[in-house]
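The following block contains the structure, expressed as structure tokens.
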Amino acid sequence: MKSIKNIKIGGGGLKNNLFLAPMLGFTNFAFRELIQKNAKIAVFTEMIPINALSKDSNYCKDLIIRGSSERNVFYQFFGNNEKKLVKSIQNILDLNIKIDFIDLNCGCPAQDIVLQGAGCALLKRESKIKSMIQASKKAFDIPFTIKIRTGYDKPKHLDYKALEDSGCDALFVHGRTKKQQYSGNIDLKFIKEAKERTDLPIIANGNIKDLKDIQKVYFQTDCDGYMIGRQALTNPFVFREIINGNYSTFYERIDFLDKYYKKMLDNNINCAFQNAKLLSLFLVREIKDASKIRERISKTKEFEELLQIVESIK
Ligand SMILES: Cc1cc2nc3c(=O)[nH]c(=O)nc-3n(C[C@H](O)[C@H](O)[C@H](O)COP(=O)(O)O)c2cc1C
């Protein structure tokens, strides 16, 4: 059983089939570069609003930076307008920033996003998803993927053939409905059915923490790849561990936090301290007495203080 293997998306060959999930507030260029230092995996940006980016790239400065060492970056956009999508992509390219893959967010369940007709709202408007893919494909020769949930209120398959005909190159499937948000088990049956219905690569997402989980998901769905989100915040070395069994120490995780913060500072990222603080709350999740430590972290006002608390855990 070969769960970890090469994968091709839209002609673009990837070294393996592991993906860092898009996570707003976390997966900026600094985080992604550090992740790729330890594992040659493909990475997603945070979701980028096309309403703002299409007007002026300065509004999304921190979201669109690409690190010089980054490879295989999926730029993820949210919104529901073809012209704004194309303009947003063009605005990034005009800054000489390379986009390896484009992804459309069709899975964000947050109320403010859904009310704008974006994220999960698109699951109810397949024709809009298709026309956004077509518009992008017409304007750019860049592979296009979508990230979906299993449905809005209840599981419902999309017309994958129509999506493929529009130019969609792969599907990332978070195995929960919008209604479920983050509760309940991952719907592996749905992912298996999706895999049976289309030849498009299907990448499974949700609650994957280690190689054992990957093997279970592969065995039950025959999916083509795996996307990991929150576990990469708790253990940024999760991909390395999956690829070569080289387990991380807590010291390495603290060092990751330190480098992450400094990289953001060096590049004038606006919320550097806030981002580092949020990451540290995830980093200590597997530690004994985590709730007390999290409480102390929440009260910190500067990075040195934060680092001291985290280092005291060693
Ligand atoms: C803090 C946070 C931010 C997220 N931001 C995004 C986002 O920008 N775009 C997106 O498609 N999904 C986003 N997600 C969802 C994740 O990409 C992923 O689908 C979800 O967390 C399930 O995977 P996991 O169990 O491996 O974390 C976010 C999740 C979290 C926890």
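The values are calculated or read from the model by the stated rules, or taken from the named source; none is laboratory data. Quantities reported herein were computed from a predicted structural model and do not represent experimental measurements. So basically every Cβ, Gly included, is an ideal-geometry build from the backbone, and we count neighbours across all protein chains shown. Heads up: the accessible areas ignore ligands, DNA and RNA and are worked out on the full protein's heavy atoms, side chains in. Shrake-Rupley method; radii C 1.70, N 1.55, O 1.52, S 1.80 Å.
About the Cα centre, and with charges only on the beta carbon of Lys, Arg (+1) and Asp, Glu (-1), how big is the dipole of the stretch 65-177? Nearest 20 debye, please.
So the magnitude is around 240 debye.
Follow-up question, since we're still on this one. In whole Hz, with x marking every Gly and Pro, tabulate ³J(HN,Hα) for the stretch 39-50 from phi via Karplus 6.51 cos²θ - 1.76 cosθ + 1.60, θ = phi - 60°.
Those phi angles translate into 7, 7, 10, 8, 10, 10, 6, 5, 5, 10, x, 6 Hz.
To continue, here is another question. Name the long-range amide H neighbours of Ile48: under 5 Å, sequence gap of 5 or more, or other chain; modelled H, no Pro or chain starts.
Gln76, Phe77, Phe78
Let me ask something else. Excluding same-chain residues fewer than 8 positions from Lys156, which aspartates and glutamates have a Cα within less than 14 Å of its Cα?
Qualifying aspartates and glutamates at Cα under 14 Å: Glu126, Asp187, Glu193.
So if R0 is 45 Å, what FRET efficiency would Lys8 and Glu311 give, r being the distance between their Cβ atoms, rounded to the nearest 0.05?
0.55
Follow-up question, since we're still on this one. Give, in nm to one decimal, the length gained when the segment between Leu24 and Arg197 is fully stretched (0.36 nm per residue of separation minus the Cα-Cα distance). It would help to have the intermediate numbers written out before the result.
Values: separation 173, 0.36 × 173 = 62.28 nm, distance 3.09 nm.
Extra length available between Leu24 and Arg197 comes to 59.2 nm.
May I pose another question? Could you give the DSSP H helices of the chain that reach 27 angstrom or more along their long axis (alpha carbon positions) and whose average Kyte-Doolittle hydropathy is no lower than -0.5?
Helix filter hits for the chain: none.
Sum -39500 (n - 2.57) across every DSSP H segment of at least 4 residues in the chain, then divide by the residue count to get the 222 nm mean residue ellipticity, nearest 500.
Calculated mean residue ellipticity at 222 nm is -12500 deg cm²/dmol.
Further, regarding this structure: Need the full-extension length gain, Ala162 to Arg125, defined as separation in residues times 0.36 nm minus the C-alpha distance. One decimal, nm.
Gain on stretching Ala162 to Arg125: 12.0 nm.
What share of all Cα pairs of the stretch 171-314, in percent, falls into each consecutive 5 Å distance bin?
Bin by bin from 0 Å, the calculated values are 2, 9, 16, 16, 15, 14, 12, 9, 5, 2, 0.
Counting only the heavy atoms of the protein chains, how much of Asp224 is accessible to a 1.4 Å probe, in Å² to the nearest 10?
For Asp224, the solvent-accessible surface is approximately 30 Å².
With θ set to phi - 60° and the Karplus curve 6.51 cos²θ - 1.76 cosθ + 1.60, what are the ³J(HN,Hα) couplings of the stretch 60-65 in order, to the nearest whole Hz, using x for Gly and Pro?
Working through the residues one at a time gives 10, 3, 5, 7, 9, 4 Hz.
What residue among Gly11, Gly79, Gly167 has the largest mean-square fluctuation in a Gaussian network model of the chain, using Cα springs under 10 Å?
Comparing Gly11, Gly79, Gly167 in a Gaussian network model of the chain, the most mobile one is Gly11.
Keeping the other protein chains in place, figure out the carbon and sulfur percent of the accessible area of the chain, with a 1.4 Å probe.
Of all accessible area on the chain, carbon and sulfur atoms account for 48 percent.
State which entries of Lys2/Lys161; Lys37/Lys259; Lys8/Lys192; Lys15/Lys84; Lys98/Lys138; Lys61/Lys130 exceed 23 angstrom in Cα-Cα distance in the structure shown.
Going by Cα-Cα distance, Lys2/Lys161; Lys15/Lys84; Lys61/Lys130 fall outside the 23 Å limit.
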